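The values are calculated or read from the model by the stated rules, or taken from the named source; none is laboratory data. Source: prediction; values computed, not measured. Because the Cβ atoms are built from the backbone with ideal geometry, glycine has one as well, and the counts that use them run over all protein chains shown. We work out accessible area using only protein heavy atoms, side chains counted, and drop any ligands, DNA or RNA first. Shrake-Rupley method; radii C 1.70, N 1.55, O 1.52, S 1.80 Å.
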Amino acid sequence: EKNGGDEASSNIIWAVKDVSFDVKKGEVLGIIGRNGAGKSTLLKILCRITDPTKGCAKVRGRISSLLEVGTGFHPELTGRENVFLNATILGMTKSEVNQKFNEIVDFSGIEKFIDTPVKRYSSGMKVRLAFSVAAHLEPEVLIIDEVLAVGDADFQKKCLDKMDDVGKQGRTVLFVSHNMPSVSRLCDRAILLENGQIVENGQPVEVINKHLNSDQGTSASKKWDDPDKSPSGDAVRLRAVRVLNSNGTITEHFDIREPIQVEMEYDVIKNGVELMPNIHLLNESDICVFVTIDNDPNWRERPRPVGTYTCTMLIPENFLSSGRFYVNAALMTLKPQMKQFYEKSVVAFQVIDRSGWDTARGIYTGEMAGVIRPLLKWKTISS
């Protein structure tokens, strides 16, 4: 794709041979793709950590980045000292940092530990402080990798809101994530990378659909034929995740009055383990609608022999609101509790709300809020 790259309106231009790509000032660009597609490598090239083997990358303005937990922190220095160190590297004066310091610390939420050496911080505390520094030092370009996944849910939402604010202030944000609802909500544009090449560029929803549909032709099914490439742990290996209607047909579109089935197929490769498969459902706004665990009474506190298993979770009709939903598939062992895999946005589906008295909408045609839309019983008495 030849976008040319307007010097006045672009913060970033990268090019290989005669193909160029530019990122506009004030744009929030999502970068998605499978593991190994080249997302993190691209960010390292833009941050001048890695030199490109071909082509060139031009970045205009000050870059602030968060690529790995603890990147840019000196472990022997305190959190306070690291804030000033990072700011100095970015070219800021001490007086400029002093003006921002309280805001940085308040956002990070680690006031009690700001004078503690960073080597004693947990990974979550490092991410909190690192993101706060990166976002508050007024960079022209903010580059964020999937490292935010380390933080808790409340802090992740706080970070997404802050990135949104940075974009609205006219600064450029590059955001790499496997969390499709976050990309959909936050980004003005998205690109899909495969083998280091841009294969899709456009509106986030369209690019996400291309990404989710790339294997099976539908976002409602994901299968791993090669055991070496499937998400796994020492006891379990994921084979497939599917979304089906009541007839057992894989589909990505549901009438709000239809039940929805989510299947998870996996191999148990180690005898004598107790398992807890679980599903996390998120909506387009990156809000977790619910988390549900496999509560089949036939397998409660019962070790599973080696073999292939399929568990099915049923969402009743007239329960979800309209819109697109994303399924995170996870499984952990019990005694001890240990994560085997946690695959984000592995499949997705769409719920379509039709009017009628057999739905919560009735004959109302306007916008309806809420992450769920259950058909509840009402009773009215005239006095």
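One table, with the values for the structure above:
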| quantity | calculated |
| --- | --- |
| Accessible carbon and sulfur surface of the chain relative to its total accessible area, %, 1.4 Å | 48 |
| Compactness of the stretch 287-383, expressed as Rg and Dmax over alpha-carbon positions, Å | 18.8, 65 |
| The stretch 163-265: C-alpha pair distances exceeding 15 Å, % | 72 |
| Beta bridges by DSSP in the chain, antiparallel share as percent, to the nearest 5 | 75 |
| Accessible surface of residue 44 - all protein chains present, 1.4 Å probe, nearest 10 Å² | 60 |
| Mean accessible surface per residue for the chain, computed with a 1.4 Å probe while every protein chain stays in place, in Å² | 50 |
| Nitroxide proxy distance, nm - points 7 Å out along Cα→Cβ at residue 189 and residue 379 | 5.8 |
| Value at 222 nm in deg cm²/dmol, rounded to 500, when DSSP H runs of n ≥ 4 in the chain each add -39,500 (n - 2.57) | -6500 deg cm²/dmol |
| Flagged links, alpha-carbon separation over 32 Å, of 119/168; 54/210; 24/210; 162/210; 158/335; 94/126 | 119/168; 158/335 |
| Computed accessible area, residue 313, all protein chains, 1.4 angstrom probe, square angstrom | 30 |
| Length added when fully stretched, residue 371-residue 285, from 0.36 nm per residue minus Cα-Cα | 30.0 nm |
| Kirkwood hydrodynamic radius over Cα pairs of the stretch 219-319, then Stokes diffusion coefficient at 10 °C and 1.306 mPa s, in µm²/s | 106 |
| Two-site label geometry, residue 246 and residue 98: point separation in nm, points 7 Å out along Cα→Cβ | 7.0 |
| Relative contact order, percent, the chain [alpha-carbon distance under 8 Å, six or more residues apart] | 14 |
| Alpha carbon convex hull of the chain, projected area averaged over orientations, nm² | 25.3 |
| At R0 = 45 Å, FRET efficiency that the Cβ-Cβ distance of residue 140 and residue 364 yields, to 0.05 | 0.45 |
